[in-house]
1. Using 7 Å Cα-to-Cβ label points, what is the residue 227/residue 29 separation (nm, one decimal)?
2. Expressed in nm to one decimal, what extension gain is obtained for the pair residue 123 and residue 60 from 0.36 nm per residue of sequence separation less their Cα-Cα distance?
3. Using the Cα centre as the reference, give the magnitude of the dipole from point charges on the C-beta atoms of region 64-207 (Lys, Arg: +1; Asp, Glu: -1; all else neutral), rounded to the nearest 20 debye.
4. Tell me, what are the semi-axes, in whole angstrom and largest first, of the equivalent ellipsoid of region 21-65 as set by the roots of 5 times the Cα gyration tensor eigenvalues?
5. With labels modelled as points extended 7 Å from the Cα through the Cβ direction, what inter-label distance (nm, one decimal) is found for residue 141 paired with residue 102?
6. Pull out the extension gain between residue 268 and residue 219, defined as 0.36 nm times the separation in residues minus the alpha carbon to alpha carbon distance; nm, one decimal.
7. Place a label point 7 angstrom from the Cα of residue 167 along the Cα-to-Cβ direction, then list the residues of region 106-129 whose backbone nitrogen is under 11 Å away.
8. Among 63-73, 247-257, how do they line up from the highest to the lowest mean number of other beta-carbon atoms within 10 Å?
Amino acid sequence: MTIEACQVPVAEACIEASTARPRGYVKDVLGTDSSIFVIKVGTSSLVRPEHHTLNLSNLARLCEAVKELRAEGHHVIIVTSGAVGIGCQHLGLAAPERQKKRALAAIGQVQLIRYYENFLGALGLTCAQVLLTLDNLANRSQYLNARNTFTELLAYGVIPVVNENDTVAVQELRFGDNDTLSAQVAALVQADWLFLLTDVDCLYTANPKDDPTATPIYEVEDISHLHADTSTRGTQWGTGGMATKLTAGRIATAAGCTMVICNSNTPENIVRIARGEPRLGTKFFPLPHCLKGRKRWILSVPVRGKLWLSAAAVRAVRDRRRPLVASGVEQLEGDFHVQECVSLLDPSGCEFARGLASMAAPELGALLGGAPETHHHPEAHAAGSPHDPHEDCLPCASLEIVIQRGNLVPLAASEDGAASEEQPAAAPAESKMTAAPAPSVKASASDQDLVKAVAALKVSAAPHSGSSNGCRGGGCGGQGCCRVQSKSATHGSAYSSVSAKDAALHHLGNAVGGRMAASATA
């Protein structure tokens, strides 16, 4: 890329990215196509550890970069750390004590916002203080109130300066690090860019401080396929590290935001990167189909547990957009309740989705630990088709839905490139030509599965016998394989019986999916 190409205004460089997807609520209210930038600066970038003083030069250059972005007509939000560190500096303490961090944060926050007000004010900009907790964004009404507040501040041309409200946040309702907070804010305001300023130039294949052979990674198309060492931890002043930045990347890219990791010592690179200049940091590209509405909000709900899924369940949930059933869960962690958020991990331990649970952890644990009797259907193995425990069998209680499809939020692109239900692919144009007669083909294994599934559906219409819970033929011994538990948001529970007809419909859908997959590869 030539130097001339890098000198175009940020407004022109961002126009393609801003028009590639819908503007979103915030931009619609503002009536603008200008980009929204969220810039996160950490404690280690603001405090000089050797002198225990504020890094005024870094802060000044950051404010100058914000001024340049505002001059181009863009909106900027700063997510800042440093309250605890500046509180220690103000009191003359060498290091923060864990038990006193809340008090130090209260002392330092006043000084921190004063520095921002002075520096931004000297450049003709006005700032506003916004303190958030995870509880604020987890509550849907408070989430919308926060979004409305940010929208009004941006409409005034104000620079919101955001930090976590450490004084009142309880441990289980904390973001834990401002990398996550900045990603949540970026998702909240539907930002175009998220910049994480840190003490390294970019993401490396290994920790460059320990491994001299570490090579930089400048672009990440799909964060789920990223292979990099994230062993770097936060300092005594900060709580983040490279692992938290990748977590932030999953949230931001799922929300349609481009995330960049770059060096905090050169905040002027923010403008250069936005103009298209390469190799100044690591750029994470957003997923092709970003989340919106309620699913975007689910990204802000605190994670209460983790579920490790089988390979078959991963394919069903991620690639085929199906609900998660109990048979696909191999291991769980955490004590979550109904309608609380859980993280979904593949067999390698990589997070690929999140969702609101339809059952509590003790109930799911009972299903996993009960080793229930399993009912296999003959069509599952017809014509040599491989056995898939997530799709082709009916274990007792294994069809209980753990996460409904509408409560699932993907954090990774589908392996088969399928379009997300959030922004479905455009329907093909209708052809005016007369369709040729379909050629006759020999029935495949998928065809046979489809025929047998339809036959099972017809059989299921007959009156059931042998079980009081509606299980076909009483084969489960009354253990409840055909019962689905539904939960309300108030943690109440109600059980509704699902007949064998619903179970047959489940397998009919699997057979149809197999037939469609076979047709796509033909």
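The values are calculated or read from the model by the stated rules, or taken from the named source; none is laboratory data. Please read these numbers as outputs of a predicted model, since none were measured by experiment. Here Cβ is always computed from backbone atoms with ideal geometry, including for glycine, and neighbour counts include all displayed protein chains. Remember, those area values only see protein heavy atoms, side chains included, never the ligands or the DNA or RNA. Shrake-Rupley method; radii C 1.70, N 1.55, O 1.52, S 1.80 Å.
1. Between residue 227 and residue 29, the label points sit 4.5 nm apart.
2. Numbers: separation 63, 0.36 × 63 = 22.68 nm, distance 0.99 nm.
Separation in residues times 0.36 nm, less the Cα-Cα distance, equals 21.7 nm.
3. On the way: 10 positive and 15 negative charges, 92 e Å.
Its charge dipole is roughly 440 debye.
4. One finds semi-axes of 35, 10, 7 Å for region 21-65.
5. Distance between label points: 2.5 nm.
6. Numbers: separation 49, 0.36 × 49 = 17.64 nm, distance 1.96 nm.
Using 0.36 nm per residue and subtracting the Cα-Cα distance, I get 15.7 nm.
7. 106-111
8. Final packing ranking: 247-257, 63-73.
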